[in-house]
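K.L.:
Okay, here's the structure, questions in a sec.
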Amino acid sequence: MKNLNLVIALIGLVTLTTPAKAGVFNIPQFVEQKSWSVGLEPEATFTSGGSFSNTLKFTYGIGSLSNLQVGMGTGSGTRGFRTGATYTFDFIPDLDGQIGAGVAFQMYYYKIRSTYGQTELTVYPYIHNQFEAAANIALDPYIALPFGLALNDGNYTTVSQLVFGSYFRTSKNFGFNAELGMNLKGTDTYLSTGVTYRD
């Protein structure tokens, strides 16, 4: 418990000095090397007038501790077209009796309005811990503190968020997400769900 409190405190200190509009979704669910997953993340926001979006995300295991994810989607209101990529380094695997931790580096481009685009460069430190309920059934809650920069028209602003969520593995290949993201600075407060198929 002391180690968990220390990790949360250190991550919190980093984010106070400086996520993005794409949710954490299935980033903490590591994909083994040469395996893949595909997920669909519907999301509703409650800031800037509210909006709804969908993002399709494909993840590939490129190394023993690293994943590459590409995403593309669209939405209503201020949440227009978006595309980008995420590199995840899972430096503490989630093993029996051990909390998993990792960091993701993400770059996404968002078409906010018809004439307004924004590129976001964000870092996603996260922790998670999977609990097995039965064969191929598990609950994997996670906490993430994304932060970074939003760039547009030669200007930049800092962005940060606090995200709570959980992945629910319902079979060997399928799982569902539920997630709440809270705006800390320059982002949206949102609720998202989603489904993931794993190879």
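The values are calculated or read from the model by the stated rules, or taken from the named source; none is laboratory data. Keep in mind that what you see is a predicted model, and the values were worked out from it rather than measured. Glycine gets a Cβ as well: all are built from the backbone with ideal geometry, and neighbour counts include every protein chain shown.
K.L.:
Could you grab me the full set of residues in the range 152-174 that are within 26 Å of residue 26 (Cβ to Cβ), assigned to a strand (DSSP E or B) and not hydroxyl-bearing (Ser, Thr, Tyr)?
P.N.:
Answer for the range 152-174, where residues must be within 26 Å of residue 26 (Cβ to Cβ), assigned to a strand (DSSP E or B) and not hydroxyl-bearing (Ser, Thr, Tyr): 159, 161, 162, 163, 164, 165, 168, 169, 174.
K.L.:
Restricting attention to the range 128-151, which residues are surrounded by 12 or more Cβ atoms within 10 Å (Cβ to Cβ), out of contact with any Phe, Trp or Tyr (no Cβ under 7 Å at 6 or more places or on another chain) and not small (Gly, Ala, Ser)?
P.N.:
129, 130, 132, 136, 137, 141, 145, 147, 151
K.L.:
Could you please find all residues in the range 182-199 being touching a Lys or Arg at 6+ places or on another chain (Cβ under 9 Å) and assigned to a strand (DSSP E or B)?
P.N.:
Result: 190, 194, 196, 198.
K.L.:
Can you tell me which of (1) assigned to a strand (DSSP E or B); (2) surrounded by fewer than 13 Cβ atoms within 10 Å (Cβ to Cβ) is the one residue 109 doesn't meet?
P.N.:
(2)
K.L.:
How many of the residues in the range 131-167 are among the polar types (S, T, N, Q), over 16 Å from the mean Cα position of the chain (by Cα) and at pLDDT 90 or above?
P.N.:
3
K.L.:
Let me ask another. Which residues, taken from the range 113-130, are closer than 17 Å to residue 72 by Cα and within 19 Å of the chain's Cα centre (by Cα)?
P.N.:
Scanning the range 113-130 gives 118, 119, 120, 121, 122.
K.L.:
Let me ask something additional. Confirm whether residue 90 is in a loop (DSSP other than H, G, I, E, B) and surrounded by 14 or more Cβ atoms within 10 Å (Cβ to Cβ).
P.N.:
no
K.L.:
Just to be sure before I move on: is residue 32 farther than 15 Å from residue 146 by Cβ, of a type in the set (Asp, Glu) and modelled with pLDDT of 50 or more in the structure I sent?
P.N.:
Values: farther than 15 Å from residue 146 by Cβ: yes; of a type in the set (Asp, Glu): yes; modelled with pLDDT of 50 or more: yes.
So residue 32 fits the description; yes.
K.L.:
Here is a further query. Residues 117, 77, 84: which one is closer than 19 Å to residue 55 by Cα, in contact with a strand residue (DSSP E or B) (Cβ under 6 Å, 6 or more places away or on another chain), at pLDDT below 85 and small (Gly, Ala, Ser)?
P.N.:
One residue alone meets the criteria, 77.
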